[in-house]
C-alpha cells in the first residue's frame with residue numbers, strides 16, 4: 001500500500017440489504033478505480049443486525065477484498081447511531097457516507113472529492129427532486145421547512161447525511177461524545193463552510209424501504225427536541241392563553257348566572273366539550289414534554305452509540321477513540 005496516497009473512507013450503513021450490498025460495493029469500487037484512482041480507499045459496512053443473509057454476503061466480500069471492512073452490531077441501534085459510530089472508526093483523510101440501496105448516487109463520489117480538494121471540509125448532497133413516493137417527498141419538504149422556521153440553528157433542507165466529511169470534522173464528532181447524534185443538525189450547527197451538490201434521488205435498486213411512520217417520526221422528534229425550543233414555548237403560551245380565555249368565560253358565565261340567563265347556561269354540552277378539549281391538549285403537550293425529557297435522559301445516561309458483535313479486516317489497525 002502506498003502510504004503517500006490520501007485515503008478515502010466509504011461508510012455503508014445497512015440493514016437487511018442482502019440484494020444490494022454486493023452491487024453497491026462493486027459500484028463504489030468501480031467509481032473509485034475510474035475517477036479517484038490516485039487515492040487509497042477503505043469501505044466499511046456498518047450492519048445493524050440484519051436477519052436476511054446480509055451479513056453472510058458482507059463476510060464473503062470482506063474475504064475477497066481486505067480493503068472492505070465490516071462492523072456488526074449486536075442489535076439494531078437505530079438509523080442514526082450505527083452510521084455515526086462507523087464514521088468515528090474510519091481512518092481516512094475524508095469520510096463519505098452512502099446508503100446501500102442506491103438512493104445516494106455513487107457517481108457523486110468523485111464530485112465530492114473534487115470539492116474537498118478545492119478546500120471544503122464538508123461537501124453534502126442535497127436532493128432537489130426525487131423518484132420516490134411523491135407524497136412522502138412533499139411531506140419531508142414540509143417538515144424541513146417547519147424545522148427551519150422553528151430552529152435557531154440553520155437546518156439544511158432535503159439533506160439526509162449523504163456527503164463527504166474531512167478528518168478534522170470527524171475528530172470534532174469524536175470530541176462531542178453525543179449518545180444521540182443527529183448528523184444533519186450537527187453539520188448545520190458545528191460544521192465549517194460547506195459545498196452543496198444537488199441531485200435527483202433515484203428509486204431503490206431492489207428490496208423495500210425500512211422507513212416507516214415510526215422511524216420517520218423518531219427522526220422528526222430527534223431533530224425537534226435537539227434543535228428547537230418551540231414545542232415547550234407553544235405549550236407555555238397556549239397554556240397562558242387558555243387560562244386567560246377560561247377566566248374570561250368564567251366571568252361571563254358568572255354574570256349570566258346572576259342575571260338568570262338560562263338559555264346561556266343550560267346544559268352540560270359546553271362543559272363536556274371544554275373538558276375533553278383541554279384533556280386532549282394536556283395529553284399532547286405532556287407528550288412533547290416527554291420527548292424532551294427522553295432526549296435529555298438519553299444524553300445524561302451517556303450510553304455507547306452501539307455495542308459491536310465483531311469487526312472484520314480491522315485487525316492490523318489501531319481503533320480510533322470515540323466514546
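The values are calculated or read from the model by the stated rules, or taken from the named source; none is laboratory data. Please read all numbers here as calculations on a predicted model, not as lab measurements. For neighbour counting, all protein chains shown are included, and Cβ atoms are generated from backbone atoms with ideal geometry for every residue, glycine included.
If you go through region 50-59 and keep only what is in contact (Cβ under 8 Å) with a residue 40 or more places away in the chain and surrounded by fewer than 20 Cβ atoms within 10 Å (Cβ to Cβ), you end up with just 59. Residue 92 passes every criterion in (1) modelled with pLDDT of 90 or more; (2) more than 16 Å from residue 196 (Cβ to Cβ); (3) not in a loop (DSSP other than H, G, I, E, B) apart from (3). Against the definition (touching a residue at least 12 places away in the same chain (Cβ under 8 Å) and touching a strand residue (DSSP E or B) at 6+ places or on another chain (Cβ under 6 Å)), how does residue 178 come out, yes or no? Criteria not met by residue 178. Of everything in region 114-135 that's modelled with pLDDT of 90 or more and touching a helix residue (DSSP H, G or I) at 6+ places or on another chain (Cβ under 8 Å), which residue is farthest from residue 201 (Cα to Cα)? The extreme case among them is 121.
Residue 71: in contact with a strand residue (DSSP E or B) (Cβ under 7 Å, 6 or more places away or on another chain), in a helix (DSSP H, G or I) and crowded, with 18+ Cβ neighbours inside 10 Å, yes or no? Against the criterion (in contact with a strand residue (DSSP E or B) (Cβ under 7 Å, 6 or more places away or on another chain), in a helix (DSSP H, G or I) and crowded, with 18+ Cβ neighbours inside 10 Å), residue 71 does not qualify.
Residues in region 34-44 that are without any contact (Cβ under 8 Å) to a residue 40 or more places away in the chain and under 27 Å from the mean Cα position of the chain (by Cα): 43 only.
Under the condition of being over 17 Å from residue 183 (Cβ atoms) and touching a strand residue (DSSP E or B) at 6+ places or on another chain (Cβ under 8 Å), the residues counted in region 101-115 number 6.
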